[in-house]
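Novice: Right, I'll just put the structure down here and ask away after.
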Amino acid sequence: MRIELISLGHVYPTGDEALKGVDLVIEGTEPVAIIGQNGAGKTTLVKHFNGILRPTSGQVLINGEDINNRSTAQWSRDVGYVFQNPDDQIFLETIRKEFEFGPKQIGMPEEKIKEQMDFVSELCLLKDKLDLHPFDLTLTEKKFCTIGSIIMMDPKVIIFDEPTCGQDVEGNKRLKNIVKTLQDMGKLCITISHDMKFVVENFRHVIVMCKGKVLLDGDSKEVFSQVDKLKQSFVSPPPITRVAQKAGFKETVFNIDEFMREFDNRKEK
């Protein structure tokens, strides 16, 4: 899957310019994290990937096809979007019906729906709760209900908007497993997140947005080594990374093992 943005601009009806000539290519199956302060343009950007929003200037190409060639409903077969707030997405009486709705709308065969139901309910740890009303779930469970309903349609790309918001440690572990499983299946996961620890643990490809533009785009180690540029976007590296940087470590570290290895290397020198 290849997503290409060419001088993408978006101005809301209010006159607010959210995106300012963004040029960007995302392709392959390496999970991507998009970070930046509130108002940087992250959500506006990804809502162009399946046509929820349309460019006011420039182009969005999905595998070479212009986003304007299809409706959002048609693009949902290829690019799924999980909303930040589960209540913006949930509307049926049971998790089972939430899971079935999308596949039925796109004409997925019943046998395939059954296979997907077994796989997705297990992946999201909701197998024993399929007949519960989604509004009887915890916030964490609601999140996985909405995630599952998108994975059910078997899209090639899954966009997660702030999936760790409101999650506990176990929820983050579940998310990590979902991202890894989807990558192993050849799918591209794109995640907006303010949780830098979750980002560095799960994403090697990081894009930093700032004031409607892409400020940085590359390997996570390289991105988080550029402290001055990160300050422009009001993004702080994870605490252990900041400690290492203050200590003068040349290598960017994301966890204790990396920190101790670099510390030992410095002692040997």
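Novice: Helix 256-268: angle to the longest alpha-carbon principal axis of the chain, degrees 0 to 90, nearest 10?
Specialist: It works out to around 20 degrees.
Novice: Let me ask something else about it. If you plug each phi of region 206-218 into the Karplus form 6.51 cos²θ - 1.76 cosθ + 1.60 with θ = phi - 60°, what whole-Hz ³J(HN,Hα) values come out, in order, with x for Gly and Pro?
Specialist: 10, 10, 10, 9, 8, 6, x, 10, 7, 8, 9, 8, x
Novice: Moving to a separate point now. Take the alpha carbon atoms of region 68-131, find their center, do the same for region 185-255, and report the distance between the two centers in whole angstrom.
Specialist: When both Cα centres are located, 31 Å separates them.
Novice: What ranking do 233, 57, 193 get, fewest neighbouring Cβ atoms within 10 angstrom at the top?
Specialist: Numbers: 233 18, 57 13, 193 22.
Fewest-to-most Cβ neighbours within 10 Å comes out as 57, 233, 193.
Novice: Among the listed pairs 112/142; 142/173; 156/211, which are separated by more than 26 Å between their Cα atoms?
Specialist: Numbers: 112/142 24 Å; 142/173 16 Å; 156/211 29 Å.
Flagged as over cut-off: 156/211.
Novice: Could the peptides 177-190, 60-73 be put in order, highest first, of the mean number of other beta-carbon atoms found within 10 Å of their residues?
Specialist: Ranked from most to least packed, the peptides come out as 177-190, 60-73.
Novice: Starting from the Cα of residue 70, step 7 Å toward the Cβ, then list every residue of region 93-109 with an amide N under 15 Å from that point.
Specialist: 103, 105-108
Novice: Arranged from highest to lowest average of other beta-carbon atoms within 10 Å per residue, in what order do the peptides 91-99, 253-261, 152-160, 104-112 appear?
Specialist: Working: 91-99: 17.7, 253-261: 15.0, 152-160: 23.0, 104-112: 11.4.
Put in order of decreasing packing, that is 152-160, 91-99, 253-261, 104-112.
Novice: Skipping prolines and chain starts, which residues have an amide H placed within reach, meaning under 5 Å, of the one on residue 36, given they are 5 or more residues away or on another chain?
Specialist: 209
Novice: Output ³J(HN,Hα) for region 104-112: one whole-Hz value per residue in order, computed from phi by the Karplus curve 6.51 cos²θ - 1.76 cosθ + 1.60 with θ = phi - 60°, and x for Gly and Pro.
Specialist: Going residue by residue, I get 5, 5, 9, x, 5, x, 4, 5, 5 Hz, with x marking Gly and Pro.
Novice: With each label point set 7 Å from Cα along the Cα-Cβ vector, what nm distance links residue 122 and residue 240?
Specialist: 3.2
Novice: From the phi angles alone, apply the Karplus equation (6.51, -1.76, 1.60; θ = phi - 60°) to region 123-140 and give each ³J(HN,Hα) in whole Hz, x where the residue is Gly or Pro.
Specialist: Along region 123-140, the couplings run 4, 8, 6, 10, 4, 8, 10, 4, 9, 7, 6, x, 6, 8, 8, 6, 4, 4 Hz.
Novice: Could you give the alpha-carbon Rg of region 1-98 over 2.2 N^0.38 Å, rounded to two decimals? Mind showing how you got there, number by number?
Specialist: On the way: Rg = 14.5 Å, N = 98, 2.2 N^0.38 = 12.6 Å.
Against the empirical 2.2 N^0.38 Å value, I get 1.15 for region 1-98.
Novice: Hey, another quick one. Over all alpha-carbon pairs in region 2-235, figure out the percentage whose distance exceeds 25 Å.
Specialist: Details: 10957 of 27261 pairs.
When every Cα pair of region 2-235 is considered, 40 percent fall beyond 25 Å.
Novice: Here's another thing I want to ask about it. Listing 12, 81 from the residue with the fewest other Cβ atoms within 10 Å to the one with the most, what is the order? Present the calculation step by step, with values, prior to reporting the outcome.
Specialist: Working: 12 11, 81 24.
With the sparsest Cβ surroundings first, the list reads 12, 81.
Novice: Across region 45-141, how large is the tail of the calculated P(r) beyond 24 Å, expressed as a percent of all Cα pairs? Before the final figure, lay out each step's value.
Specialist: Working: 1575 of 4656 pairs.
The answer is 34 percent, as a whole percent.
Read the figures in this text as sums done on the coordinates, not as results from a lab. The shown structure was predicted, so the numbers you read here are calculated from the model rather than taken from an experiment. With ideal geometry, Cβ positions are generated from the backbone for all residues, glycine too; neighbour counts draw on all protein chains shown.
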